[in-house]
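The values are calculated or read from the model by the stated rules, or taken from the named source; none is laboratory data. All of these numbers come straight from a predicted model, not from anything done at the bench. Virtual Cβ from ideal backbone geometry, glycine too; neighbours counted across all protein chains shown.
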Amino acid sequence: MSKYLFLYLKTGSGHLAPAKAVAEKIKTKKKVNVEVLLADGLADSNFLVRRVIEDGYKNAINKAAWTFELLYAIHKIALVSQLTSFLMSVFMKFGIEKQILATNPKKIVLFHFFLVKPVFSVLKKHNLDIPVITVVTDPFTAHPIWFQKKEQNFIVFSEILKDKCIEMGISKNNLQVFPFVINSKFSHKVSESLKLMTRKNLGFEPESKIILIMGGGEGMPHGKRILKKIIARNLEAEIAIVCGKNKSLYAKAMQIKTKYSIKNLKVYGFVDFVHSLLSISDIVITKCGASTSMEILIMGKVPVINNYIWEQEKGNMEFVCDSKMGILEKNATILPDVLNKLLTDEAFYKSLIKNIKNASISNGVGPVSNYILNFQH
């Protein structure tokens, strides 16, 4: 049996989620004699290094996003990007070398830009002729470190990014464009009968409007403030908030629910039924991470973007808002007015739904998995 090594980092769900989705899709294919090995590129690295990279990302996003945005901006300077890439490779190369030599994979697929330099360094050191495919998980505005090594085989998720890559000097022959990859379950429409059953199972009213607050695996930035503002407006809707791995947000949301005896509020931690929650929701308040945004749109739900990371998620926001599929409202005080308009102005709400439908956004998990399986270099 051939082994494919899928390497990722735990810096947000946007890198791991596509890796898992493609791995699961390959596993379901009949007559495919392939074992996909999902591996954390930092698994064998120093504990302190892992804490700095993984926890540093989470803390920056939830507590001081400007620090992440500043780092993103200065990495447009080639020398800064090269230095960061070199330092990360020093800390990661030993562990990645160990993984590659132990598994002897037939193919390697990368899902994070920090993995590019150490992987190619290991292959060169041991004179290994293993095909490498780099999946650029940022669909529109991608981190500069992705493209330091231009002689790679890239999968990108938009023609916009493909054109930017060509402008940077990357050969179009090294670029494959597919729809964004999410879990296969998001490829199928949910029937009305199943929606009704899901509502009942999760404790929602059969005919109510549902506002879902969901910001990805690390929870919604400023989630407590958003929740309090919405509750104070007393909208005609049920509210659900998914806090992800953000235990502090979960505790604060539960405290609000208990203190004010709010019956139309449901609070969740890290869940594995986001698909079910999206299927019954009408409006989704979110940050503009790529995976979350595409899941919302493919499910035909209206996103209200309250937060996005400049500049990494700026392209995602522009894709949603310029196409009039959703709304950007960063001010939590104004947010309830936007929600009220969506809930009461049926023509306005339906215009957004129509635009989402007309965009014909599809799930790229099938085509991407086929490409990886058939790839030869």
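Below is a table of values for the structure above.
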item	result
From the options LEU70, LEU42, LEU83, LEU48, residue that is assigned to a helix (DSSP H, G or I), modelled with pLDDT of 85 or more and either surrounded by fewer than 14 Cβ atoms within 10 Å (Cβ to Cβ) or of a type outside the set (Gly, Ala, Ser) (or both)	LEU83
Condition met for ILE285 (in contact with a Phe, Trp or Tyr (Cβ under 9 Å, 6 or more places away or on another chain), at pLDDT 95 or above and surrounded by 21 or more Cβ atoms within 10 Å (Cβ to Cβ))	no
Of residues in region 111-141 being aliphatic (A, V, I, L, M), out of contact with any Phe, Trp or Tyr (no Cβ under 8 Å at 6 or more places or on another chain) and part of a loop (DSSP other than H, G, I, E, B), the one surrounded by the most Cβ atoms within 10 Å (Cβ to Cβ)	ILE130
The listed residue being among the polar types (S, T, N, Q), within 15 Å of LEU278 (Cα to Cα) and either modelled with pLDDT of 95 or more or not assigned by TED's automatic domain parsing to the domain that holds SER291 (or both), out of SER191, SER208	SER208
Any hit, region 18-28, residues being modelled with pLDDT of 90 or more, loosely packed, with under 13 Cβ neighbours inside 10 Å, assigned by TED's automatic domain parsing to the domain that holds PHE120 and on the phi < 0 side of the Ramachandran plot	yes
Any hit, region 240-254, residues being in a helix (DSSP H, G or I) and under 15 Å from the mean Cα position of the chain (by Cα)	no
Residues of region 181-223 satisfying the condition of being of a type in the set (D, E, K, R) and either surrounded by fewer than 20 Cβ atoms within 10 Å (Cβ to Cβ) or in contact with an Asp or Glu (Cβ under 7 Å, 6 or more places away or on another chain) (or both)	LYS185, LYS189, GLU192, LYS195, ARG199, LYS200, GLU205, GLU207, LYS209
Some residue of region 290-298 being closer than 23 Å to GLU69 by Cβ, of a type outside the set (A, V, I, L, M) and either in contact with an Asp or Glu (Cβ under 8 Å, 6 or more places away or on another chain) or surrounded by fewer than 21 Cβ atoms within 10 Å (Cβ to Cβ) (or both)	no
Subset of region 157-180 [in a loop (DSSP other than H, G, I, E, B), of a type outside the set (Phe, Trp, Tyr) and crowded, with 17+ Cβ neighbours inside 10 Å]	SER158, ILE170, PRO179
Flag for SER351 being more than 30 Å from LYS106 (Cβ to Cβ), among the small types (Gly, Ala, Ser) and modelled with pLDDT of 95 or more	yes
